[in-house]
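Step one of this worksheet: look at the structure below.
The values are calculated or read from the model by the stated rules, or taken from the named source; none is laboratory data. Model, not experiment: these values are computed from the prediction. As a convention, Cβ positions derive from the backbone with ideal geometry for all residues, glycine included, and neighbour counts pool all protein chains shown.
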Amino acid sequence: MKQGTLKLVSIILVLVLLGIPSAFALQQSQQDEHRAVLIQDASAEINVGTLSASVKATIKGESNVTSVKIQLELQKLSGGSYSTVKTWSETFSGRSGALEKSRVTSPFSTYRLKATVTAYASGTSESRTLYAY
């Protein structure tokens with residue numbers, strides 16, 4: 001009786017172990033199918049000078065994109081974390097856009113750019129957040 005139970009447990013264990021990778025692959029495949037791919041290219045850059053910082057972000061969407069949005073956040077390092085000191089945002093008709101801004105800054109502070117770009121098409125959207133240092 002024990003030998004029969006051991007065989008049954010072994011068979012069940014093998015079936016379970018074989019089923020886990022294929023279940024994971026199916027779940028991953030389903031996630032990939034639902035992922036929107038609207039952004040073809042995006043970039044962000046910051047140039048910090050002695051008394052000012054210039055920030056810029058660009059986005060280019062796929063051919064089905066009808067509009068894009070760029071949000072720029074100039075962030076200052078303080079106490080070990082970044083906080084936003086200025087935000088700019090603009091929406092562009094069509095599949096591409098570029099937004100460039102500047103702001104007076106302190107020469108003794110550290111800044112970064114947080115840029116969020118979004119592409120819109122047929123009732124759906126895709127966003128990416130980019131950082132530039």
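Every listed requirement among (1) buried (at least 18 other Cβ atoms within 10 Å of the Cβ); (2) within 20 Å of the chain's Cα centre (by Cα) is met by residue 90 save one, (1). May I ask you to verify whether residue 54 is more than 20 Å from the chain's Cα centre (by Cα), part of a strand (DSSP E or B) and in the same structural domain as residue 113 (by TED's automatic domain parsing)? It is true that residue 54 is more than 20 Å from the chain's Cα centre (by Cα), part of a strand (DSSP E or B) and in the same structural domain as residue 113 (by TED's automatic domain parsing). Taking the range 61-96 as the range and being among the acidic types (Asp, Glu), out of contact with any Gly (no Cβ under 8 Å at 6 or more places or on another chain) and farther than 22 Å from residue 107 by Cβ as the test, only 62 passes.
Against the test of being acidic (Asp, Glu) and touching a Phe, Trp or Tyr at 6+ places or on another chain (Cβ under 9 Å), the options 100, 73 yield a single qualifying residue, 73.
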